1. Taking the range 161-191 on its own, how many of its residues are modelled with pLDDT under 70 and of a type in the set (Ser, Thr, Tyr)?
2. Considering only the range 153-163, state which residues are surrounded by fewer than 22 Cβ atoms within 10 Å (Cβ to Cβ) and in contact with a Leu (Cβ under 9 Å, 6 or more places away or on another chain).
3. Those residues that are in contact with a helix residue (DSSP H, G or I) (Cβ under 9 Å, 6 or more places away or on another chain) and either farther than 16 Å from residue 368 by Cβ or surrounded by fewer than 21 Cβ atoms within 10 Å (Cβ to Cβ) (or both), I need them from the range 290-314; list them, please.
4. Please enumerate the residues belonging to the range 51-64 that are farther than 20 Å from residue 430 by Cβ and either under 32 Å from the mean Cα position of the chain (by Cα) or crowded, with 17+ Cβ neighbours inside 10 Å (or both).
Amino acid sequence: MKGQMTGILKAALLGVTALGTGSQALADVTVIHAGELLAVPGEAAKKNQTVVIEDGRIREVREGFVDAANFGDDATLVDLKESFVMPGLMDMHVHIQGELGPRGDSEKLRMSAEDVGMRSVQFAHRTLMAGFTTVRDLGASSPQHVFSLRKASANGWVDAPRIVAAGSSVAATGGHGDVDGMRHDLLEKYTSKTICDGGEDCLRAVRHAVKYGADVIKITATGGVLSDTNTGTGQQMTDDELKTIMDAAHALGRKVAAHAHAAEGINAALRAGVDSIEHGSYADAESIRLFKKGGAYLVPTLLAGATVVNMAKTSDFMPPDIKEKALRVGADLVSNFQRSYKAGVKIAYGTDSGVSKHGTNADEALLMAKAGMPAMEILKTATVNAADLIGMSDSLGTIEAGKHADIIAMHGNPINDLNELLDVDFVMKGGKTVKNK
């Protein structure tokens, strides 16, 4: 009996070894022949390149068109010889669960959290098809559903961008990020547990956000355009609250993104050690000095500004307080972006999609170009800079060995014409081709 058992164990071990060897031999290999490849935005593109992808990551990049058979009999060839190939784009400011429109307030009452979660799958798919393979979601009405979407994307259950999610914003009572515009009992029902007042309470709010799944902490340092209240766009969180939030978040390994319009709120957040300022509408000379001193990024969201200005001028669904702020702040975003960029502030690409329609994220690039930023710099903000902002430069942002195979392609060269970004023909996320027209 002992000899029989020994034989069975040996056979089992041999089977495991064989399975291991077989799985290595059957690695998933894809070979892309790129007519023109921008492997590292900010550097020159190269013609006639071969990108080898194994098990979802880039294995190597070679000169010329190397026969796919050189990488195994089962290697899949993707012929992009007539295309411009580059890393997947990244949007550092989206709200994947909704879209601004005349039915917004009623949807809060008509749609369940589950409905919102299911619709967000559609919005996320549109974003991915537009060539945006990674997004940072900065505020969700149903946090656990955006965290579930993040998991579904990571596991390949749905075709969606890679998601870095904040969940609920950390905000002051009555400020931007708190609920507003409803009757009192609904305000009580929908108030998030990350609303806080005073340093100690904001410490609790940050820890609560991290406990329940936040990858990044989103705060609202100032008032906002879309708050249905006349509290303005000035500083709303105190210096003490801001400092406590930064310290608590960084201690837990989380970066902080601060919604901020007015200069005093921008500067207070920068002095406290924030990692990015969202919008930055009224950044002044002191703001620019603090940006450069601390290395924080500006995420300009010009598309959101253009969207709310257009809506304020052409529709009647906005309440008066929102319309007034939309016309004023939306129009001022561009000049402030121009000043910050020219002064050398680091810029990361972000649209605030959810204000604008999901899937139109590339429109931001056209607005940035109109404001004076060169095309190559714009592409860099949506790849290299974005990866740096979320602390993922080792795995995203360029087409280099060891990184996730997040790759897009279009017929023309966007460095010469950014309109090419509006019609992305090929999208690969994590080595899986999700679009190839």
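The values are calculated or read from the model by the stated rules, or taken from the named source; none is laboratory data. Source: prediction; values computed, not measured. Every residue, glycine among them, receives a Cβ derived from its backbone with ideal geometry; neighbour counts consider all protein chains shown.
1. Qualifying residue count for the region: 2.
2. Passing the criteria: 158, 159.
3. Those that are in contact with a helix residue (DSSP H, G or I) (Cβ under 9 Å, 6 or more places away or on another chain) and either farther than 16 Å from residue 368 by Cβ or surrounded by fewer than 21 Cβ atoms within 10 Å (Cβ to Cβ) (or both): 290, 291, 293, 294, 296, 308, 309, 310, 311, 312, 313.
4. Those that are farther than 20 Å from residue 430 by Cβ and either under 32 Å from the mean Cα position of the chain (by Cα) or crowded, with 17+ Cβ neighbours inside 10 Å (or both): 62, 63.
Residues checked against (1) part of a loop (DSSP other than H, G, I, E, B); (2) in contact with a strand residue (DSSP E or B) (Cβ under 6 Å, 6 or more places away or on another chain); (3) of a type in the set (Phe, Trp, Tyr):
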site: 119; (1), (2), (3): no, no, no
site: 135; (1), (2), (3): no, yes, no
site: 145; (1), (2), (3): no, no, no
site: 149; (1), (2), (3): no, no, no
site: 152; (1), (2), (3): no, no, no
site: 168; (1), (2), (3): yes, no, no
